[in-house]
Amino acid sequence: MKDESKYDSSADSLVRIMQRLRSPEGCPWDRKQTHESLKQYLSEECAELLDAVDDGDPKAICEELGDVLMNVVFHCVIAEENEHFDFEDVLETIIDKMIRRHPHVFGDASVDSADEVKLVWDEIKKTEGKPEPDSVLDCVPRNLSALLTARTVQKKAAKYGFDWEDTGQIIAKIEEELQELKVAMAAGREEEVDEEIGDLLFSVVNLSRYRKRRNAEDLLNETVRKFRERFAYIEEQLKLKNMSLEAASLDEMDKLWEEAKSKNVC
């Protein structure tokens, strides 16, 4: 084994650091982790990376990419301990895949647009020996957010012609689902209310997808950000009045909310 007291900025050093952390003389927390327990941390690190990208902060992007890479190496070291694969295997797999799926760059194929690249990519995937799914929707990752999952399954179905003809039809569907929700609520059928809320959300995702502009995940994130900014304005104004959120009435908060809107706080 290489001298573990010497580390540089190479990928090999990161692997050796993680191996040491996982060793009997290493860190108790790192030693107890599994592929399953690390899922939440990889998800969080990816979210923090996306935040850094949204903020346009190169320094933060660099740091968060490092955190994501650390999680990748963590999984590789655990797999190596179980004699499944190691970091070198992961590198070999992705390098082979990138070369194989870009014959227009590394081979003799010719393409004229990004759309043609996608067609070539999809055709090559079909030849890679993976088992055919029972449904075309089975290849949609289960761990996407619900909004992205909804968009992806809708897009997959639309590829085969199962789609709306225009946005007017989708608006009508949204209105239909909203009416069904109102009826369920009026009747006090709670389980049906839950189902209708889900149907309504799915229909709204369909509208954002069909417009081919921006996905529902991004749109909702923007609305959440706007809500946070305006609620922060309420908190700030209450502090100027020596008032707490707990002491403020709903009418007072509503007034400040409308004030934030009029000032385009977002």
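Here, each number is a calculation from the coordinates, and none is a lab measurement. If you're wondering where the values come from, they're calculated on a predicted model, not measured in any experiment. So basically every Cβ, Gly included, is an ideal-geometry build from the backbone, and we count neighbours across all protein chains shown.
Can you compute the charge dipole magnitude of the stretch 137-213 about its Cα centre, using +1 on each Lys and Arg Cβ and -1 on each Asp and Glu Cβ, nothing else charged? Give it in debye, rounded to the nearest 20. Could you put the intermediate results ahead of the total?
Values: 12 positive and 15 negative charges, 156 e Å.
Dipole size: approximately 740 debye.
Once the Cα atoms of the stretch 91-230 are picked out, what are the Rg and Dmax in Å?
20.0, 65
Net charge within 14 Å of Lys212 by Cβ-Cβ distance, Lys/Arg positive one each and Asp/Glu negative one each, not counting Lys212 itself?
Within the 14 Å Cβ shell, the charges total +3.
What are the ³J(HN,Hα) couplings of the stretch 206-212, residue after residue, when phi is run through the Karplus curve with 6.51, -1.76, 1.60 and θ = phi - 60°? Round to Hz, x for glycine and proline.
Listing the rounded values in order: 4, 5, 5, 5, 5, 5, 6 Hz.
Just add up the charged neighbours of Ser203: K/R +1, D/E -1, any other residue whose Cβ is under 10 Å from the Cβ of Ser203. Show your work: numbers first, answer last.
Working: positive: Lys173; negative: Glu175, Glu176, Glu177, Asp199.
Taking every Cβ under 10 Å from that of Ser203, the sum is -3.
Taking the Cβ-Cβ separation of Ile171 and Asn82 as r and a Förster radius of 51 Å, what is the calculated FRET efficiency to the nearest 0.05? Don't skip to the answer; put the middle values down first.
On the way: r = 52 Å, r/R0 = 1.02.
That pair, Ile171 with Asn82, gives E of 0.45.
From the helices alone, meaning DSSP H stretches of at least four residues, give me the mean residue ellipticity at 222 nm for the chain, per-run term -39500 (n - 2.57), in deg cm²/dmol to the nearest 500.
Numbers: 12 runs with 186 residues, N = 266.
Calculated at 222 nm, the ellipticity per residue is -23000 deg cm²/dmol.
Across bins of 10 angstrom width beginning at 0, how are the C-alpha pair distances of the stretch 218-262 distributed, in whole percent?
Reading the bins upward from 0: 28, 51, 18, 3.
Taking N as the number of residues in the stretch 1-128, what value does Rg over Cα atoms divided by 2.2 N^0.38 Å take? Write down the numbers at each step before the final one.
Values: Rg = 18.4 Å, N = 128, 2.2 N^0.38 = 13.9 Å.
So the Cα radius of gyration is 1.32 times the expected 2.2 N^0.38 Å.
At a 10 angstrom cut-off on C-beta neighbours, averaged per residue, how do the peptides 148-158, 30-40, 175-185 rank from highest to lowest? If you can, show how the numbers build up before the last one.
Values: 148-158: 17.4, 30-40: 11.8, 175-185: 14.7.
Ranking, from highest mean packing down: 148-158, 175-185, 30-40.
Under 13 Å from the Cβ of Val153, count the other residues' Cβ atoms, weight Lys and Arg +1, Asp and Glu -1, and hand me the total. Each step should come with its number before you reach the end.
On the way: positive: Arg142, Arg151, Lys155, Lys156, Lys159, Arg209; negative: Asp138, Asp163.
Spelling it out: positives minus negatives among the neighbours equals +4.
Scale the Cα Rg of the stretch 11-85 by the rule-of-thumb value 2.2 N^0.38 Å and send over the ratio, two decimals.
Details: Rg = 13.5 Å, N = 75, 2.2 N^0.38 = 11.3 Å.
That ratio works out to 1.19.
Applying the Karplus parametrisation 6.51 cos²θ - 1.76 cosθ + 1.60 with θ = phi - 60° to the phi angles of the stretch 54-65, what ³J(HN,Hα) value in whole Hz is obtained for each residue in order, glycine and proline being reported as x?
4, 7, x, 9, x, 5, 5, 4, 4, 5, 5, 4
Please state the shape class of the chain: rounded when a/c is under 1.5, otherwise prolate if a/b exceeds b/c and oblate if not, all from the C-alpha gyration tensor. If you can, show how the numbers build up before the last one.
Values: a/c = 2.09, a/b = 1.30, b/c = 1.61.
Oblate, because a/c is 1.5 or more while a/b does not exceed b/c.
Given the Cα-Cα distance of Ile197 and Glu180 and 0.36 nm per residue of separation, how much length would full extension add, in nm?
Values: separation 17, 0.36 × 17 = 6.12 nm, distance 0.93 nm.
Here the segment from Ile197 to Glu180 would lengthen by 5.2 nm.
If you take the beta carbon distance between Lys261 and Asp218 as r and set R0 to 25 Å, what does 1/(1 + (r/R0)^6) give as a FRET efficiency, to the nearest 0.05? Please list the in-between numbers first.
Details: r = 21 Å, r/R0 = 0.86.
With a Förster radius of 25 Å, E is 0.70.
Where Rh is the Kirkwood radius over the Cα pairs of the stretch 137-213, the temperature 20 °C and the viscosity 1.002 mPa s, what D in µm²/s does Stokes-Einstein return?
Roughly 160 µm²/s, to the nearest whole number.
At R0 = 22 Å, how high is the FRET efficiency between Arg100 and Ala158 if r is their beta carbon distance? Nearest 0.05 is fine. Walk me through the intermediate numbers first.
On the way: r = 28 Å, r/R0 = 1.27.
Efficiency computed from Cβ-Cβ geometry: 0.20.
Fewest to most neighbouring Cβ within 10 Å: what's the order for Phe231, Phe162?
Numbers: Phe231 16, Phe162 9.
Ascending Cβ contact count within 10 Å gives the list Phe162, Phe231.
Roughly how far apart, in whole Å, are the Cα centres of the stretch 59-94 and the stretch 129-171?
30 Å
Which ³J(HN,Hα) values, rounded to whole Hz and listed in residue order, are derived for the stretch 73-87 from phi using the Karplus coefficients 6.51, -1.76 and 1.60 in 6.51 cos²θ - 1.76 cosθ + 1.60 with θ = phi - 60°, glycine and proline given as x?
The phi angles translate into 5, 4, 4, 5, 5, 4, 5, 5, 4, 8, 6, 9, 6, 9, 4 Hz.
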